[in-house]
Each structure stands twice: as C-alpha cells, then as structure tokens.
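Everything on this sheet refers to the single structure shown next.
The values are calculated or read from the model by the stated rules, or taken from the named source; none is laboratory data. From a predicted model like this one, the values you see are computed outputs, not experimental measurements. Using ideal geometry, Cβ is built from the backbone for each residue, glycine included, and neighbour counts are taken over all protein chains shown.
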Amino acid sequence: MKPEETVDYNVKVAWHAVSRMYNAEAAQNDMTTSIGFVLLNINQQAGTPATKIAPLLGLEARSLTRILKSMEDKDLIYRVPDEHDKRLVRIFLTEKGLEKKEVAKRTVKHFNSKVREAIPEEELQAFFRVCSKVMNMIENKEIF
C-alpha cells in the first residue's frame, strides 16, 4: 500500500496544509494557529477555565501553558481566579485579544466558505461522517 492510499497519511497531509495556510494568515496578525484556536474557544462573558481549553483543542497541558504565557505576553488574555473555587483560573480576553479573535473568526469562516463553495454538500457530509467514525473508533479503542 502506498502512503497516499492510507487514511492517516491523508489526514496528516490535509491538516498540515490547513495549518500552514492558517499560520501564514496568523503571522500577518502577529499570531499562530494555536493562538487563534485558543482565542476562538474563550467565552468572554464567563471566562473559560484554563483546564477546559486544552481538551477542547486536543493539547497537552504543558503546550497550553506555553501558549497562554505567550498570549499574556502579547496582551491578548488575562487570568482571574474563580470566585467560588480559588484553585480554578478563568481566562478572559483583553481588548486586543477580542480584536484578534475577530481576525481568527473571519479567517475560519472564509476558509469554510471557500471549501463549501468548491465541494458539494453531500461530499462534505460524507467527509464529516467518516471523520466522526474514525474518531469514535480511536476514542473507543477499537483500533489498538
């Protein structure tokens, strides 16, 4: 079997292409793809517990710690201890963070719009079903 005929190769190559595209856009706005995804997953009204962000993005806690530190250094976020549980820290966006979140949102919407223009809905739905089945197989340990 050739590598290009395997599921994992195609997933990896497609994600790397998307990631490179997003990073090129993000770099023009002094961001990275990871920062953009974190920004998109922060609830500005309630704040988002730092412990909830890593699982949303499939990141290790150590990686998220570095990203959040970088975001603080860039004045994109600030941390507030939870009122009810002092062990919990909520992440909020600064004004600059809100602006960058809008950039990330526009970029993601633009990409999805272009994909939806080029690929028929039934093919996209089949793609989503296949991705969901593969993820379920992995989560349910049906593979190894």
**Asked** Would it be correct to say that Lys96 is in contact with an Asp or Glu (Cβ under 7 Å, 6 or more places away or on another chain) and either modelled with pLDDT of 90 or more or closer than 28 Å to Lys133 by Cα (or both)?
**Response** yes
**Prompt:** Just a yes or no: is a residue in region 97-114 within 12 Å of Ala50 (Cα to Cα) and touching a residue at least 40 places away in the same chain (Cβ under 8 Å)?
**Reply:** no
**Message:** I'm told Thr94 meets every condition in (1) surrounded by 16 or more Cβ atoms within 10 Å (Cβ to Cβ); (2) touching a strand residue (DSSP E or B) at 6+ places or on another chain (Cβ under 8 Å); (3) β-branched (Val, Ile, Thr) except one. Can you identify the failing condition by its number?
**Reply:** (1)
**Prompt:** Do you know which residues across region 32-70 are more than 13 Å from the chain's Cα centre (by Cα), in contact (Cβ under 8 Å) with a residue 24 or more places away in the chain and not in a helix (DSSP H, G or I)?
**Reply:** Gln44, Ala46, Gly47, Thr48, Pro49
**Asked** Restricting attention to region 14-39, which residues are surrounded by 12 or more Cβ atoms within 10 Å (Cβ to Cβ) and farther than 16 Å from Lys74 by Cα?
**Response** Val18, Ser19, Met21, Tyr22, Asn23, Glu25
**Fill in**
Selection from region 52-70 of residues of a type in the set (A, V, I, L, M) and surrounded by fewer than 17 Cβ atoms within 10 Å (Cβ to Cβ) yields Leu56, Leu57, Ala61
**Complete:** Those residues of region 71-93 that are free of Cβ contacts under 8 Å to residues at least 40 places away in the same chain and in contact with a helix residue (DSSP H, G or I) (Cβ under 9 Å, 6 or more places away or on another chain) come to a total of 6
**Complete:** Counted residues in region 106-144 being among the hydrophobic types (A, V, I, L, M, F, W, C) and loosely packed, with under 11 Cβ neighbours inside 10 Å come to 5
**Asked** Does region 20-31 contain at least one residue that is of a type in the set (Asp, Glu), farther than 30 Å from Phe127 by Cα and assigned to a helix (DSSP H, G or I)?
**Response** no
